Amino acid sequence: MNLKVSLICSSVQEREALMTSLASTPDVEVNVHVGDAKHLLSVIQKDRPHVVLLNFPASEPLAFEHIEAATLRVPGVLVLLVSADTSIDLLKSAMEAGVRHILPAPLSQASVLSAVEYWHKSESLSARMTDNKGELLAFVNAKGGSGGTFLASNLGYTLAAAGKKVLLVDLNLFFGDMVANVTDRKSAASILDLARQSELLDAALLESSVLAARENLYVLAAPLFPYHIEVLTPKILQKILLLALSHYDFVMLDVGRTLDPSTIKALDLSDHIYLVLQLALPSIQNVKRIETVFEGLGYGQGKLNVVVNRYEKHGTIALDELERVTQTKVARTVPASYEAVMASINEGVPLPILSPRDPVTHVLQTWANDLTPVSVKPKKSWLASLTASF
Ligand SMILES: Nc1ncnc2c1ncn2[C@@H]1O[C@H](COP(=O)(O)OP(=O)(O)OP(=O)(O)O)[C@@H](O)[C@H]1O
Ligand SMILES: [Mg+2]
C-alpha cells in the first residue's frame, strides 16, 4: 500500500518545483496543492491522505483556527507544519490545534521523507500502544549450546503455570527445537506457514497455527525443513508479533544466534533481550561483539540483560571478571543442574513439572515473579483507620 501524502504549498512556482523533485519518491503518492491553512479541510476531504504537510502561513491570522477545525472534523490524519520558525511557542500553539510536529522550512523532498518516517514511527507506536498488552522477551545465545532455548521455553512454562497466557515463538528456522522442550506433541503448522498466509493474518489464523503445548502455553514452531525461509520478511514477522502481543501476556522469542533483518526487527520490538552465555572465554568475547552490535542498533543498557547459565560459584572465571571485561552488569545467574535439565529436555517435560525442587526451577520462579509484579496495597496505620471512621 502506498502512503498518501498531501502537500499544501504557497505558490504555483513552488508547486512546480516540488512536483519535479518528488517525481522519484518511491512508495509515496503525493498530491501538491497551492493554498494555506483554510484549504486544509478541503484537501483532507478530497485526498483522504495519511499525512498532510502544510507550508505554514505565518501571516495568516486565523491559521490555527482553520487547522483545529480540520483536525477536529477529520481526526486520524497526521498534520505536520513546515515552518522557518520551529520555536517552542509555535510548537505549543500548533499542537493545541492538532498538529503533530513542525518540520524546518523549506518544504522539499526531504520534508516529505521526514514526514513518511514520522508516520511509520507513529503508526508502529500506536499499533503497539493500542493493541499490545503483552511483553516481548527475546533470547539470544552468545554461543551455540548456551541454553537459550531451554531457558526461554522453561521461563515461558513458569509464566504459564502462574496463569499468564504465553506464546513461544521459535525463530531458529534451521532446526528449531522449542516445541520439544515443552511437549512430546508435534506442531502441524510452523511460523513459515503463517508467514506464507500473511495477507489473511488475523487472530483466528494465528490461533490455528500454534500448538497448544500445556495449559496457557502455546508454541509457534520452527519449520520441519528450512525451505523458503525468505517468506518471513521483517515486515511480516512484525505483523505476526504485534498480533501475538495483542493476544498473549508474554511472547518468548528463541532467536538463537541468527542476526538477520527479520530477527533484528524482532529484537527492535522486544521489551527485553536476554543474552545467554556460559562463563567461558569464547562466550565472553562474543558478548562484547554482540553488545557492540546492539549499541549500534540503539538498544539501551536497560533492554539488554546478560544471563549467565550453568553458573558455578568457584569456576575459573569470576562474575566480576565478566562484568569488568564487558562493562555490563550480569542480570541473572542460573545454576548448573545437568541431570535434571537433560531429563527435562529429553522427555519434553518442563523442568518445574519434572523437578519442582531443583535450584534451576527456583531461579525460573524468581525470574517469572520479577516479570509479573503483584501490587501490594499499603496497609493503613492504626491512626489512619481510626480517623477514617470519623
Ligand atoms: N542450567 C543448566 N544446567 C545444566 N545443563 C544445561 C543448563 N541449561 C542448559 N543446559 C544444557 O545445555 C544444552 C543446550 O541447551 P539449549 O538447547 O537450550 O541451548 P541453545 O543455546 O539453545 O543451543 P543451540 O545453539 O543449539 O540453539 C542442553 O542439552 C541442556 O541440557
Ligand atoms: Mg537453541
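Bear in mind that the values in this text are calculations on the coordinates, not laboratory data. Just so it is clear, the model here is predicted, and its values are computed rather than measured. Please note: Cβ atoms are built from the backbone with ideal geometry, for glycine as well, and neighbour counts cover all protein chains shown.
What angle do you read, to the nearest 10 degrees and between 0 and 90, between the alpha-carbon axis of helix 12-22 and the longest principal axis of the chain?
30
Please compute the net charge surrounding residue 198, taking Lys and Arg as +1 and Asp and Glu as -1 over other residues with Cβ under 10 Å from its Cβ.
+2
Based on the Cβ-Cβ distance from residue 369 to residue 27, what FRET efficiency comes out when R0 is 45 Å, to the nearest 0.05?
According to the calculation, E is roughly 0.50.
Would the stretch 169-274 count as rounded, prolate or oblate if I go by the C-alpha gyration tensor, calling it rounded below 1.5 in a/c and otherwise prolate when a/b exceeds b/c, oblate otherwise?
rounded
Please rank 271, 370, 170, fewest neighbouring Cβ atoms within 10 Å first, as an exposure proxy.
Lowest to highest Cβ neighbour count: 370, 271, 170.
Helix 359-371 against the longest principal axis of the chain: what's the angle in degrees, Cα atoms only, rounded to the nearest 10?
Once rounded, the angle reads 20 degrees.
Among all the lysines, which ones have a C-alpha under 26 Å from residue 92's C-alpha, if same-chain residues fewer than 8 places away are not counted?
38, 121
Using only Cα positions of the chain, each an equal point scatterer, no hydration layer, compute I(q)/I(0) via Debye at q = 0.07, 0.09, 0.10 Å⁻¹ and quote the log10 values to two decimals.
Debye output, listed in q order: -0.46, -0.70, -0.80.
Would you please put 275-287, 24-36 in order of how densely packed they are, using the mean number of other Cβ atoms within 10 angstrom per residue and starting with the highest?
For the peptides 275-287, 24-36, the packing ranking is 275-287, 24-36.
What is the local net charge at residue 5, summed over the other residues whose Cβ is closer than 10 Å to its Cβ (Lys, Arg +1; Asp, Glu -1)?
-1
Give the total of Lys-Lys pairs in the stretch 132-371 with Cα-Cα distances below 13 Å; include a pair only if its members are 8 or more places apart or on different chains.
7
For residue 184 and residue 13 in one chain, what is 0.36 nm times their gap in residues minus the Cα-Cα distance, to one decimal in nm?
Taking 0.36 nm per residue and subtracting the Cα distance, the gain is 54.5 nm.
Output the antiparallel fraction of DSSP beta bridges having both residues in the stretch 171-328, as a percent to the nearest 5.
35
Output the relative contact order of the stretch 251-307, whole-number percent, from Cα pairs under 8 angstrom with separation of 6+ residues.
Relative contact order for the stretch 251-307 comes out at 45 percent.
Over the stretch 308-378, what is the mean sequence separation of C-alpha contacts under 8 Å (at least six apart), divided by residue count, expressed as relative contact order in percent?
That works out to 27 percent.
Suppose the Debye formula is applied to equal point scatterers at every Cα of the stretch 3-129; what is log10 I(q)/I(0) at q = 0.15, 0.16, 0.18, 0.20 Å⁻¹?
Ignoring solvent entirely, the Cα scatterers give -0.63, -0.72, -0.93, -1.17.
Out of the DSSP beta bridges found with both residues in the chain, what percent are antiparallel (nearest 5)?
5
If each residue's Cβ is checked for other Cβ atoms within 10 Å, how do 250, 294 rank with the fewest at the top?
With the fewest neighbours first, 250, 294 line up as 294, 250.
For the chain, calculate the relative contact order in percent as a whole number, restricting contacts to Cα pairs under 8 Å that are 6 or more residues apart.
It comes to 14 percent, rounded to a whole number.
Cα axis of helix 63-73 to longest principal axis of the chain: angle in degrees, 0 to 90, nearest 10?
Computed tilt is about 50 degrees.
For a footprinting-style exposure proxy, rank 338, 311, 248 by other Cβ within 10 Å, fewest first.
Placing the least packed residue first, the sequence is 338, 311, 248.
Mark the label point 7 Å from the Cα of residue 109 along Cα→Cβ and return the residues of the stretch 22-38 whose backbone N is within less than 19 Å of it.
22-33
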